[in-house]
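A.B. asks: One structure follows; several queries about it will come next.
The values are calculated or read from the model by the stated rules, or taken from the named source; none is laboratory data. On a predicted model such as this, the values are computed, not experimentally measured, just so you know. Here the Cβ positions follow ideal geometry from the backbone for every residue, glycine too, while neighbour counts run over all protein chains shown. These area figures cover heavy atoms from the full protein model, side chains too; ligands, DNA and RNA do not enter into them. Shrake-Rupley method; radii C 1.70, N 1.55, O 1.52, S 1.80 Å.
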6 protein chains.
Amino acid sequence: MSDEVLAEIGKLGAATVFYLLHMRGVGRKYGSGPIVMQNVAPLAPGRKLVGRAVTLRYLPTREDLQAEIATSSGADGMNATPRWRVIEACGPGDVLVSDAMGQSGTSTGGEIVYGRLFQRGAAGIVTDGAIRDAQPTVDLGWPVYAGGRATMIGETKMLPYEFNVPIQCGGVLVRPGDIILGDDDGVVVLAAGFAEEVARAGKEHEAIERSILANMGEENVSPAHYYPFNEGTLAMHRARQASGKGAQE
Amino acid sequence: MSDEVLAEIGKLGAATVFYLLHMRGVGRKYGSGPIVMQNVAPLAPGRKLVGRAVTLRYLPTREDLQAEIATSSGADGMNATPRWRVIEACGPGDVLVSDAMGQSGTSTGGEIVYGRLFQRGAAGIVTDGAIRDAQPTVDLGWPVYAGGRATMIGETKMLPYEFNVPIQCGGVLVRPGDIILGDDDGVVVLAAGFAEEVARAGKEHEAIERSILANMGEENVSPAHYYPFNEGTLAMHRARQASGKGAQE
Amino acid sequence: MSDEVLAEIGKLGAATVFYLLHMRGVGRKYGSGPIVMQNVAPLAPGRKLVGRAVTLRYLPTREDLQAEIATSSGADGMNATPRWRVIEACGPGDVLVSDAMGQSGTSTGGEIVYGRLFQRGAAGIVTDGAIRDAQPTVDLGWPVYAGGRATMIGETKMLPYEFNVPIQCGGVLVRPGDIILGDDDGVVVLAAGFAEEVARAGKEHEAIERSILANMGEENVSPAHYYPFNEGTLAMHRARQASGKGAQE
Amino acid sequence: MSDEVLAEIGKLGAATVFYLLHMRGVGRKYGSGPIVMQNVAPLAPGRKLVGRAVTLRYLPTREDLQAEIATSSGADGMNATPRWRVIEACGPGDVLVSDAMGQSGTSTGGEIVYGRLFQRGAAGIVTDGAIRDAQPTVDLGWPVYAGGRATMIGETKMLPYEFNVPIQCGGVLVRPGDIILGDDDGVVVLAAGFAEEVARAGKEHEAIERSILANMGEENVSPAHYYPFNEGTLAMHRARQASGKGAQE
Amino acid sequence: MSDEVLAEIGKLGAATVFYLLHMRGVGRKYGSGPIVMQNVAPLAPGRKLVGRAVTLRYLPTREDLQAEIATSSGADGMNATPRWRVIEACGPGDVLVSDAMGQSGTSTGGEIVYGRLFQRGAAGIVTDGAIRDAQPTVDLGWPVYAGGRATMIGETKMLPYEFNVPIQCGGVLVRPGDIILGDDDGVVVLAAGFAEEVARAGKEHEAIERSILANMGEENVSPAHYYPFNEGTLAMHRARQASGKGAQE
Amino acid sequence: MSDEVLAEIGKLGAATVFYLLHMRGVGRKYGSGPIVMQNVAPLAPGRKLVGRAVTLRYLPTREDLQAEIATSSGADGMNATPRWRVIEACGPGDVLVSDAMGQSGTSTGGEIVYGRLFQRGAAGIVTDGAIRDAQPTVDLGWPVYAGGRATMIGETKMLPYEFNVPIQCGGVLVRPGDIILGDDDGVVVLAAGFAEEVARAGKEHEAIERSILANMGEENVSPAHYYPFNEGTLAMHRARQASGKGAQE
């Protein structure tokens, strides 16, 4: 998936992508598989998130697991818990998505951990766990989507176990490289294989909706005439484009 | 109910109206019937909502119902789902109240549907379901009360079925024409028959409370002396009014 | 839908019918419409329920609605609340399905109300509300599916409003005449139009699964070979039938 | 309140007492104060509970509180935590009601603690916390109402703090000496001052309902004619009693 | 860990093991890591479960993952989804523990899948998901612990992804080979390294408690004297043992 | 505890204090006693709260309790409900902490009650109940932490019962005089006996973390090298301090 496609996706609303995926049968062919995260919301509204998923999986705390994770070290001498390693694996355009097993009251990191992630140029944070030092983390100015804010440090409840494996987050499957798209309506996950098609369809879909809105504003016509999209919808849209009245991006 | 009474109600706090209804036995004569909606909150705080209810009832999705609703048309050629029809039935002073069966993660509409409602002059939106394109909808500048924001389009979960019938919303009965009053404390529903009495009592009640606050500020007297309202309360209030110190609206 | 088809449906497991509906795209064509009720369970396990839905819709209590409902009378002189009327409208093979708006702690009836329903020969009770006098009601020996047991009389929280209209119950659409099928796994709702096809497919499906079980027991073969159903599955099933080893109903 | 009155109350259903209290305005005069416990259910169904409340109040665990409670001793040399003391304060006819702050996953006691309570002749157990060793506790054959069963020992989460003070349990006020009445429908709390009136009214109420049931069974008459209770109801009831057909207790 | 130790553990109550682990600091050294599963209960009460964990991890459904899992085959020609493979990996003394991400309304298997597991001699089932065909599965007579019963087939919501890896189940870490101990109080997870110590301590602990109970029964002495365990407790216990009055296992 | 120590505590983050208490074993010696409130959040983010607890305990409403509380009067002639009395008992540096039994939809007070508290110089409000007139209360400019906003007046559901006794709030023990520390991450409760030690350790802890952040910013070094705190961490910190590069408070 090219950066151009990613950028196009980033112009779409999360609700539009949800709609397009749904109409294409995603989450329907074999079942009603989820597309949108539950109980994950922006800590600071108004910041669009788009990027490629880098994943981190947590498990409940236990001493034997804690001992293994905290003391094992890589050749680079760094403290080798998967959480620190995954952060160094992130770069520009990446979104760190952490499966905290839905524990929305337990912190997955704060000012220092996520400050390092920000320093590495990551596009944002998504977790169904919590963020501590939430305000300084948000004040870095990037998109932060989480299950909540918390004082409770993660180690009391859960441990980072492995990274860049398939995970759940907010009840949705996330595989490394999936596209993560978030806005105030929610966070949707888009398998990379759908990206080009959705980017193209989404651009068209939102253009038609801008025509409907503009038409409504200028002509006082109920949008009811144009839903579900029909011949009249496309005729109106094309007429507006031909006349140069097509709404601009 | 006159527009003047509606305007007077609109000056009251939702908590005051709750109190007055409660003291009059509403929700108590036959039972403990609810007055205030649960799990419905303003998407943008600080915007008072008052108006007359126009109601819309949703039901869970099923293909046979979908086929009936989406394809039936009125003589005016409009797409005749009840959702589109109810919007055209709304005008200035109306509040569209949608019974989404408490499905706070499923959208009842977004920028286009609710943009049309706004264009028709409606006073606001109330639903125990969600809003998609929530930010553009809120940015129109009117009061929007909902169960949440969501990417999930309603059709995947529920269908508009009929309008201007009695519904539940947030666990409260809403009949067409009821007064809907919302502020940051919550949304209360006031049967039209109570409107005049509540408007009059509420005006008096809030005036007395302003006197208590003013008295507290000027004399450093605990309001405890004046609760529950007693002879001394009214004496103090009348004395302040007589002396021209009655707090102003 | 004939009584024979209804009887065939009654031999199937609720999970089988869920599977067959799901594979046919019910709840998937336009969305992920629900098929199985949430938060509705048998008060006495082990009693299969099957019948045609007769529906009752509740709304939250309010004095004006209470006054209308409780005092209006039909020509027959009976107390004409919709709850009493719907019970007299039920007969053998009918299941009374009550939409209690998910209020699982509020009673929809008890020994007397449901005793009358039993006396009229109804096939059972389904509600997402509660049952009071739950034990005597259950002790009549029929299938009772509810959101819970409760002392709280319904009138304090909700009122029966209308009957034999489309409702939700446990989050699922129920229309009058739909087939209701319940066992310890849950309650599924089957639109009448699907009944014949599901009855036929279900009979075949459960026969194949009995062959798989019998084959597993006799040959110690993992059922994994036969899922998803494939050529080998059908070959094995037909061979067992031909050899007279087909499992009996 | 005499033992006779208590015995009469014990013959009534919890739902009947709820209804009678509700109609008398309990929980309505000043508000909608609760009468029936939430999230408290019988661990073994079918065992009626009636008795006078002895109360125990828990608070969240903290080391300083733990140190005070566990080490302080009374003159009798017993381990003086309030939990042990309250058990020795219970005797025949008493129900130990423990306010576990709704922590339904944390144990308030098990086989040994509650075995001692049983040995002292107490009428039963009510708590919105959990019971550990639940099966041996239940197997003593008495009524046990709780928020759940649990392995989690209470001391990890909460401490017994004081006894025979007013508490909440399951969201309801319980004062020492209140009557606790429980059956499979739920647990209601009855202030001692209401006991005589409720006992008398309940006896009459249930007799009338037995007449309605008997009348329905014998005459196939819908109970709808007799609700709400009216002249015809009482006439029918008295006629049955006069003819010796009054249902027996 | 020997089979003898496992058998000794199986004689202990889950609450006893919880207590012993807690007192040894498990779940406390680095944090308050969980020991007991939440929202997992026996479908049929009264059946003790003990065995070694074999683990299965589910992820949310998505078409690309479904395609990979359902069509890949091992050299043995079996349908190679991890769920079928893990069942063939189980034998006597094994407990299949499935991480269904807490989706208590979605089935992880039913009569056929779990029938095969039973045929292979497994000691029982634990999952925080649901069981379909729950009654036939339970009727095999073994211990079945789950989040619930359901008609909803798993494939609509989640997919088996990998087995014999560390998982969460009911909020607790489970590693392959851990001891799983369940009774009506709950399910506790015991790392194999603790087994011998807990078996020995548990045997002693329960013997002392039997002495306390027997002493209470015979002498009418409050157990308060013996808690927390102290010199007097041990003296009483040893005296009973010396006199041959030690309670028998 | 001196005002200086209180002021030092007030400079720390709630998450830091949680961490320090946790590492000292608070909430771990006898159990996993809670330190941080659940379901209590700032109504206006960004306002640090620190002060000494003054406590108020609510109980569920009942008429007999209402009658006792509302009519009893102290010698000063004031309406003597515990709520009014506790407010007059508060002064500068005090935080009123109200145990509303977790009823987050029921008001504990509004503009007038809390306006009086503000007038008396209290440092802030904490409750697991709700606030009515929430916006005017927040607009006073002080820290307000609550379970929510509500129109529902407290008297309909609960009554103030006693003050300056140990309570729970948000699931945590609060004793009069405890230190309450709140920020956007949450509210932690600190027993006075720990104050000096935590103030000293917290100052050091946050200084080291500022060094790590500064070092990261200047040297692009991953903080992973410095966690958990080790020799290298302290060396780096001391080096920065020696060189005058120690981050300033």
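A.B. asks: So how many residues does the stretch D:225-249 have that are assigned to a helix (DSSP H, G or I) and closer than 15 Å to C:Glu111 by Cβ?
C.D. replies: Residues that pass the stated criteria total 1.
A.B. asks: Also: So D:Ile87 fits all but one of (1) open to solvent by 30 Å² or more (accessible area, probe 1.4 Å); (2) at pLDDT 95 or above; what number is the exception?
C.D. replies: (1)
A.B. asks: On to the next question. Between a residue in the stretch E:183-207 that is closer than 21 Å to D:Ala150 by Cα and any residue that is at pLDDT 95 or above and among the hydroxyl-bearing types (Ser, Thr, Tyr), which pairs come within a Cβ distance under 7 Å, given they are 6 or more apart or on different chains?
C.D. replies: Hits for this filter: E:Val187/E:Tyr145.
A.B. asks: Name the residue that is farthest from the other protein chains (Cβ to nearest Cβ), counting only residues in the stretch C:1-22 that are of a type in the set (Ser, Thr, Tyr) and within 16 Å of C:Asp183 (Cα to Cα).
C.D. replies: C:Thr16
A.B. asks: Does E:Ile212 qualify as being at pLDDT 90 or above, of a type in the set (A, V, I, L, M, F, W, C), buried (at least 20 other Cβ atoms within 10 Å of the Cβ) and not assigned by TED's automatic domain parsing to the domain that holds E:Leu96?
C.D. replies: Here the answer is yes, as E:Ile212 does meet what is asked.
A.B. asks: Can you name the number of the only condition in (1) modelled with pLDDT of 95 or more; (2) more than 19 Å from the chain's Cα centre (by Cα) that E:Gly102 fails?
C.D. replies: If we test E:Gly102 against (1) modelled with pLDDT of 95 or more; (2) more than 19 Å from the chain's Cα centre (by Cα), just (2) comes out false.
A.B. asks: Does the stretch B:46-67 contain at least one residue that is open to solvent by less than 30 Å² (accessible area, probe 1.4 Å), at pLDDT below 85 and not β-branched (Val, Ile, Thr)?
C.D. replies: yes
Quick grid of which residues meet (1) open to solvent by less than 20 Å² (accessible area, probe 1.4 Å); (2) within 12 Å of the chain's Cα centre (by Cα); (3) β-branched (Val, Ile, Thr); (4) facing another protein chain (nearest Cβ under 8 Å):
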site	(1), (2), (3), (4)
D:Arg149	no, no, no, yes
D:Lys157	no, no, no, yes
D:Ile167	yes, no, yes, yes
D:Gly171	no, no, no, yes
D:Asp183	no, yes, no, yes
D:Gly193	no, no, no, yes
D:Gly202	yes, no, no, no
D:Glu206	no, no, no, no
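A.B. asks: Would you be able to tell me the number of residues in the stretch C:153-204 that are among the hydrophobic types (A, V, I, L, M, F, W, C), under 25 Å from C:Ser2 (Cα atoms) and in a loop (DSSP other than H, G, I, E, B)?
C.D. replies: Residues flagged as among the hydrophobic types (A, V, I, L, M, F, W, C), under 25 Å from C:Ser2 (Cα atoms) and in a loop (DSSP other than H, G, I, E, B) within the stretch C:153-204 amount to 2.
A.B. asks: Criterion first (of a type outside the set (Phe, Trp, Tyr), on the phi < 0 side of the Ramachandran plot, out of contact with any Leu (no Cβ under 7 Å at 6 or more places or on another chain) and without any contact (Cβ under 8 Å) to a residue 12 or more places away in the chain) does D:Met216 satisfy it?
C.D. replies: So D:Met216 fits the description; yes.
A.B. asks: Going residue by residue through the stretch C:225-245, is there one that turns out to be within 14 Å of another protein chain (Cβ to nearest Cβ), surrounded by fewer than 18 Cβ atoms within 10 Å (Cβ to Cβ), out of contact with any His (no Cβ under 8 Å at 6 or more places or on another chain) and of a type in the set (S, T, N, Q)?
C.D. replies: Yes, the conditions are met somewhere in the stretch C:225-245.
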